[in-house]
Amino acid sequence: MPCWKIVRRGAVLGRDTEPVRDDAAGYEADVEQLMRRVYLGVREDSLDPQDVVALACELLDWFRHTDAVLEAVERNPADVSRAEMTVLARRILNDVGFDPGFELAPERLETLRAALRVVARDLPTRGIEGEPEIEILEDWFPVGAGVRLADGVQLNWGGPILPNMCDDPVMALTSLATLIQESLLERTRQVWPVCPRHDLGAHAVEHDREVAWSCAGDGGHTLAPVGELALALGRRRPKQRSSTEYSSFRTAAVIR
């Protein structure tokens, strides 16, 4: 089998080419290195076909016989167009479930921070002041994100926000509002937010690309859009750094 003609894997990986290996840790390190390189190549339009083939060969050695892997090892890279190789690289990454996390896809973190700025507008109704921050939880696997309040309290009950939740701003906002709500409930044993009409707890719900605090009373109704809770509760809205921030986030969510 070509693989492609064994690809000079030693040159690509920085080690001597070997047949199937017993070193699982070494294999995982090699594959991770190649997946990151291939992902960045696709992302930055600088993909090296040799990296794609080397990754496919490593996967093939450990019996990952997907259609994309087999195609990559059997075809001569010189006969594969740049566009085809990019599609093939994406297929391989999808086959192995590669996720770039926050590190290689920093726009995810920016989406999450934008979502936090929206949810933070509701926190004064819970008596929470100051600006919360997104905190990367390096000790979790996979690495995720939680929230640290201005007083240092960490909110990550039930598990962190995973990076792939931030590919969509609506999912990011819904997930973050839920994480904050449930973490506060776990810490204080107090329900928040509460619908004043029905005295029931409200929950963050997405509908038609809008995220709102929803109450189940009288068959269900919207209490307020997330970020606008103070108005619904008849309280003064906290001062914002930008009057257009909430509408801009909602517009971005609709565009996505």
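Taken together, the values in this text are just the output of simple stated rules run on the coordinates, not laboratory data. What you see is a predicted model; the values in this text were computed from it and never measured. So basically every Cβ, Gly included, is an ideal-geometry build from the backbone, and we count neighbours across all protein chains shown.
List of remarks:
- Label zone at Leu104, where the point sits 7 Å out along the Cα-to-Cβ direction: segment 130-158 residues whose backbone N lies under 11 Å: none
- When only the Cβ of Lys, Arg, Asp and Glu is charged (+1, +1, -1, -1), the dipole of segment 127-246 relative to its Cα centre reaches about 540 debye.
- Amide H within-cut-off set for Gly144, under 5 Å, with H built and near neighbours excluded: Leu137
- Between segment 42-119 and segment 132-177, the alpha-carbon centres lie 25 Å apart.
- The shape of segment 101-248 can be summarised by an equivalent ellipsoid whose semi-axes, obtained from the alpha carbon gyration tensor, come to 24, 16, 16 Å from longest to shortest.
- Distant-in-sequence amide H partners of Arg75 (H built 1.01 Å from N, under 5 Å): none
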